[in-house]
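Colleague: Take this structure first; my questions come after.
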Amino acid sequence: MGVAYRILMPLFLGLLLLAAPSVAQVGENLGLINPNLASADELATVPALNRAAVEEILAGRPFLSMLAFHEIVEEHVSESAYDRVYGALWIPIDLNDVTNEEILLIPGVGNRMLHEFEEYRPYIALLQFHREIGKYVDDEELARLAQYVYVRIDLNSASQEEILSIPGVGPRMQHEFEEYRPYTAMAQFSREIGKYVDDEEVNRLARYVEIR
């Protein structure tokens with residue numbers, strides 16, 4: 001793409017998305033288990049995961065990236081079984097801050113779709129991902145792919161729906177996110193939300209937010 005396109009397209013998308021209805025910024029979960037939130041019994045239902053893997057996952061969480069989580073999985077699971085594992089178990093990945101290796105771990109994603117994921121960066125909303133990737137796959141496949149990804153939400157303007165789309169956030173924590181607006185720095189977010197959860201959970205939640 002040309003330089004002018006790369007500069008002007010995010011501005012155009014920003015104006016377009018301002019006029020669009022608010023949508024969640026974490027893809028709708030269609031049944032994936034989040035290893036940071038799952039119980040031991042839930043993890044035990046994942047194909048190809050043995051007891052040792054489940055115990056190591058429980059001991060190592062929270063995982064702040066899919067790559068960190070994959071380091072444990074690859075110790076216990078053969079590469080041929082990755083799709084079975086990640087068809088059931090996944091930590092959502094940040095579309096704007098993710099490695100090629102992490103994208104390629106999504107079942108069914110190869111080098112061609114990896115290119116499309118990268119082509120439309122930076123993503124300013126998940127709606128943009130739906131629109132652009134929807135050029136290449138049908139609605140069912142788009143919904144499947146969307147549950148693997150997210151776009152960080154703006155702490156000062158995010159809707160209730162967007163906040164509640166963060167894995168593990170319910171109405172009580174959604175209220176706390178809003179209570180301390182306006183945020184001027186991520187340190188403020190860590191300090192205020194840290195009144196309710198431990199440092200590890202603050203760090204996990206911080207993966208999904210930013211201040212614009």
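The values are calculated or read from the model by the stated rules, or taken from the named source; none is laboratory data. The shown structure was predicted, so the numbers you read here are calculated from the model rather than taken from an experiment. Neighbour counts are summed over all protein chains in view; Cβ atoms, including those assigned to glycine, are modelled from backbone coordinates with ideal geometry.
Colleague: Does Ala48 qualify as being more than 22 Å from the chain's Cα centre (by Cα) and not in a helix (DSSP H, G or I)? Step through it out loud before you land on a result.
Modeller: Numbers: more than 22 Å from the chain's Cα centre (by Cα): yes; not in a helix (DSSP H, G or I): yes.
Answer is yes for this residue.
Colleague: Also, quick follow-up: Give the residue that is surrounded by the most Cβ atoms within 10 Å (Cβ to Cβ), with candidates limited to residues of region 160-204 that are aliphatic (A, V, I, L, M) and more than 16 Å from the chain's Cα centre (by Cα).
Modeller: Ile193
Colleague: OK, next. Quick check on this structure: which one of Ile124, Ile133, Ile103 is under 19 Å from Arg152 (Cβ atoms), outside the structural domain of Pro167 (by TED's automatic domain parsing), modelled with pLDDT under 95 and among the aliphatic types (A, V, I, L, M)?
Modeller: Working: Ile133 fails: modelled with pLDDT under 95; Ile103 fails: modelled with pLDDT under 95.
The match here is Ile124.
Colleague: I've got another one for you. Within region 71-99, how many residues turn out to be assigned to a loop (DSSP other than H, G, I, E, B), under 19 Å from Ala40 (Cα atoms) and touching a helix residue (DSSP H, G or I) at 6+ places or on another chain (Cβ under 8 Å)?
Modeller: Of the residues in that region, 3 qualify.
Colleague: Are any of the residues in region 66-77 aromatic (Phe, Trp, Tyr), over 15 Å from the mean Cα position of the chain (by Cα), more than 21 Å from Tyr136 (Cβ to Cβ) and assigned by TED's automatic domain parsing to the domain that holds Ala48?
Modeller: Checked region 66-77: no residue is aromatic (Phe, Trp, Tyr), over 15 Å from the mean Cα position of the chain (by Cα), more than 21 Å from Tyr136 (Cβ to Cβ) and assigned by TED's automatic domain parsing to the domain that holds Ala48.
Colleague: Does any residue of region 11-26 turn out to be at pLDDT below 95, β-branched (Val, Ile, Thr) and closer than 28 Å to Glu200 by Cβ?
Modeller: Yes - at least one qualifying residue is present in region 11-26.
Colleague: Considering Arg144, Arg172, which residue is touching a Phe, Trp or Tyr at 6+ places or on another chain (Cβ under 9 Å) and of a type outside the set (A, V, I, L, M)?
Modeller: So the residue among Arg144, Arg172 that is touching a Phe, Trp or Tyr at 6+ places or on another chain (Cβ under 9 Å) and of a type outside the set (A, V, I, L, M) is Arg172.
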